[in-house]
Every structure is written in C-alpha cells, then in structure tokens.
Amino acid sequence: MLRRFLCCAIIIFTIVIFLSACESQTSQQAENAGGAASPTPKITATFTVRPTRAALPTAPPMQESEGANKPYPTATSSGDSTTSILQVQVKTAAEAEVKLPGRNAPCYQATFLKNITVADGAGFQPDSPILKVWQVQNSGSCAWSSKTVLTFAHGVDFNAPPSIPLNTSVPSGAIVDISLNLKSPLRSGTYQGFWKLQNEMGVPIEMLNSPASELALKIVVFIPESPEPGLTYDFTSNFCMAEWSTPLDLVDCPSVELAGANGAVMRSYTPILENMSKDNEPALMVLPSEGKDGFISGIYPEYAVKEGDRFKTVIGCLQKVPKCRVIFELNYTEDGKTAENLLTWEETYDGRFKNVDLSLDSLKGKTVQFILRVGNAGDAVDDQVFWLWPRISNPNATD
C-alpha cells in the first residue's frame, strides 16, 4: 500500500514539472512572436551646459544665407540691417595650424583668443564708427551650425540688434573672427557692452578665458576740450581702419603692447610725453621695427582733399626713452603703389615737440590715401613715439 502511494506521488510531481516548463517556453515564444519585448537601447553620449550668470532669451529661428565668409567690412557706419553689422571669417583647424579639441571636450565650448581690434579702454569720439573684432576658437567637439547666434547680454549695445546669426557653420577646432560694426555713444564717459554665443537650440556656449563666458567691448568716449573747428578727418579715431606694416610683416591693430621686434601701434587718451607731462588729447603711439632701416607705416582709406584742408598734429618721443631717435613722414599715394612725400621730420629725446600745421592745397581735388610713417633712423632702441591727435581740418568746412 505504501509503495503504491509513493509511485502515484512521483508520477504526479513529474507531470507538474513538465507542465510548468512548457508554460514558460510558450510564454517566451509568445513575447518574441508578438514584438512585446524591445531590443536593449543604445546609450548615446551627452554633454552638460554649465549655468551662466544670467539666462538669455532663446533666439528665434534664423534663415541661412550665402556669402558668410567675406572679408572684414570696410564700412564706416553700422547701418540699419543686420547683414551689414556682423561679418565672420572662419579658418579650419588645419588652415589655422591648431590642434583639434580632445575627445573629452564638451560638445559646445568656445575659447576666447584675443581682441583683434579695439583693446579694452580704447578711446573714441562721440558717434564714431567702431569696428570690433574678436577671435575665438570652437574648442568643443561639436560643429556650430549656421544658426549659431551672437546675442547681446547686457551693458551698452552700441547700436547692435538683440541677436545676429553667424550665418556660417564653424567646424570643431576652427578659429573664427567675429566682426561687428558698431557706434560709440553720444556722450563722454566709460562704456561697456557684453555679448554671448548661443547654439541653434538657444543654449549659451561656454567660453573659456573670458569672464562669464562673454565677449566684451570696453571703450572711453572722449570729447576734446577745444573741439577742432571744421574737423574733416581724425586719424586717431580711425587708426585701425589703416593697414599697419613694417619690413617684417603686417602689424596687429591695436597691438597688445608698445614692444616687439616687428613694431607696434596703439592709442592713448592720456599719453605721457618726453617732458613728463600728461596730455589730454588722443595720441597714436607707435614703435618702428628693429633692424637697419626699420619702420612702421599706416596707410589709411581714401580721402578726397578739398581746398583749405590742413594736416595738423604734434610729434615727439614718449616718456623715459632717452635713446629715442626717429624720422616722421607724412606721405600719400594716388594709386595704392607709389608713395609721395609731403614732409619729413627728425625727432630726438630732447624735451621738445614739433607742431605740424601743413596746407594740403597742393592735393586739392585729388582722392588719395595718406600714410603715416616712422623710421627708426638705423636703431629701434627706445623709439617709442607719438602722433598727438593727427587730423585734417578745414576752416571753410560746413556741417
């Protein structure tokens, strides 16, 4: 009797195990046949955008346009349309001979490299054109689309619109020069404006080497104590509209400092002269290149000379440069190739300056390019010199 009971129990237990296995296999087959189970999702890389000091509004969608990589604008006013306000030049990492960002770089990131024009604290007269150029690198691992936007953040906008599209793509690692045509305020004082880059999704792009990830313009608006009657052209305000060069190479305008073998050009509204006096008029401070017969020259845009025009300036050496000895020249060209001399002056560090007041009537009716040139007289040691408010004025000129 006991043996019969055990046999029945074993048979029943075996049947239960068999049915359970069949049910599990049937269930798995049903899931596979019915598509209820999905394949394991792929994990894609993400990036984190660090919080910024202030939230920026999302820019509206922008239309792409052609012709974004044009030369720097030469217009002297900011204009009313966004197309004339901003221009962009892009060099790929290979063209710029720089390394691509590393694999661990964030997707969207920029690095501020330098101010190409308008150093911090540069001076301008009221309502003057400002050509501001920043150089930055796309140091992130993602390309910027043509809908990347330069957005005004805070401060003074200098007549710029709230946001402007770059209208060109910027590959990862590329160097980009962002050029804005702006205008100085109407009143004297110190002014600052700040911009940010944001991607096509409206997210600000983090910018290394720049406080708060911003691009800045910081200027001083200067009004001469005794405005020049009939002022028709100001070489000081427009000094970066000139092309500055030496026998060695082109010269950055403005230069970072008044030093270097290749020469330099800067502007000051508080120059200290060789008699240790501080002047209150704007000055171009220049340094010719090193080497025998070194020089620096700036060729300005075309100017139509009128009867009664006069070139005025004061020239000399700056403070504490006792070995200063240079040759100043005012030249001009009609064809952009051949230079003609108007006047030549030799200056040394002797505590005195030379006042220049030259009639330009010999050029009346001609359209010329004026050239300010300083030679090193054979030795560039201590040759830090100034052109104090070089300008053209005409007492017969009317507003």
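Simple spin-label estimate for residue 120 and residue 292 gives 4.3 nm between the two label positions (7 Å along the Cα-to-Cβ direction from each Cα).
Structure shown: which of 196/218; 147/196; 323/354; 183/354 lie over 22 Å apart, alpha-carbon to alpha-carbon? Those over the limit are 183/354. The modelled label-to-label distance for the pair residue 103/residue 243, using points 7 Å beyond Cα in the direction of Cβ, is 4.6 nm. The calculated FRET efficiency for the pair residue 261 and residue 359, based on their C-beta separation and a Förster distance of 22 Å, comes to about 0.05.
Distances between placed amide hydrogens fall under 5 Å for residue 154 paired with 194, all partners being 5 or more residues away or on another chain.
Ranked from largest to smallest solvent-accessible area, with a 1.4 Å probe on the protein heavy atoms, 132, 364, 323, 218 come out as 323, 364, 218, 132.
What full-extension length gain, to one decimal in nm, is calculated for residue 346 and residue 143 as 0.36 nm per residue of separation minus the Cα-Cα distance? Mind showing how you got there, number by number?
Working: separation 203, 0.36 × 203 = 73.08 nm, distance 5.37 nm.
Fully extending the segment from residue 346 to residue 143 adds 67.7 nm.
Among the GluC sites (Glu not before Pro) found in the stretch 279-318, those both in a DSSP coil and sparsely packed, with 12 or fewer other Cβ atoms within 10 Å of their Cβ, are 307. Note on residue 220: accessible area is roughly 50 Å² with a 1.4 Å probe, heavy atoms of protein only.
The calculated FRET efficiency for the pair residue 208 and residue 306, based on their C-beta separation and a Förster distance of 45 Å, comes to about 0.35. Need the C-alpha centroid separation for the stretch 200-265 versus the stretch 339-386, integer Å. Value for the Cα centre distance between the two parts: 22 Å.
Taking a 1.4 Å probe, which of 191, 303 shows the most accessible area, and what order do the others take after it? Each step should come with its number before you reach the end.
Values: 191 45, 303 20 Å².
The most accessible residue leads, giving 191, 303.
Per residue, the stretch 169-266 exposes 41 Å² of solvent-accessible protein surface, assessed with a 1.4 angstrom probe and all protein chains in place.
Go through 349, 300 and list them by solvent-accessible area, largest first, probe radius 1.4 Å.
Details: 349 70, 300 5 Å².
Reading off the accessible areas and sorting them downward yields 349, 300.
Protein heavy-atom surface of the stretch 138-269, 1.4 angstrom probe: 53% of the accessible area is carbon and sulfur, with nucleic acids and ligands not counted.
Within the straight-line cut-off of under 22 Å between alpha carbons, the lysines reachable from residue 366 are 306, 312, 337, sequence neighbours fewer than 8 places apart in one chain being disregarded. Phi angles across the stretch 362-374 convert, under the Karplus curve 6.51 cos²θ - 1.76 cosθ + 1.60 with θ = phi - 60°, into 3J(HN,Hα) values of 5, 10, 4, x, 9, 9, 10, 10, 7, 10, 8, 10, 10 Hz, Gly and Pro given as x.
The values are calculated or read from the model by the stated rules, or taken from the named source; none is laboratory data. Quick caveat: nothing in here was measured; it's all calculated off a predicted structure. So basically every Cβ, Gly included, is an ideal-geometry build from the backbone, and we count neighbours across all protein chains shown. Protein only, heavy atoms only, side chains kept; ligands, DNA and RNA dropped before computing areas. Shrake-Rupley method; radii C 1.70, N 1.55, O 1.52, S 1.80 Å.
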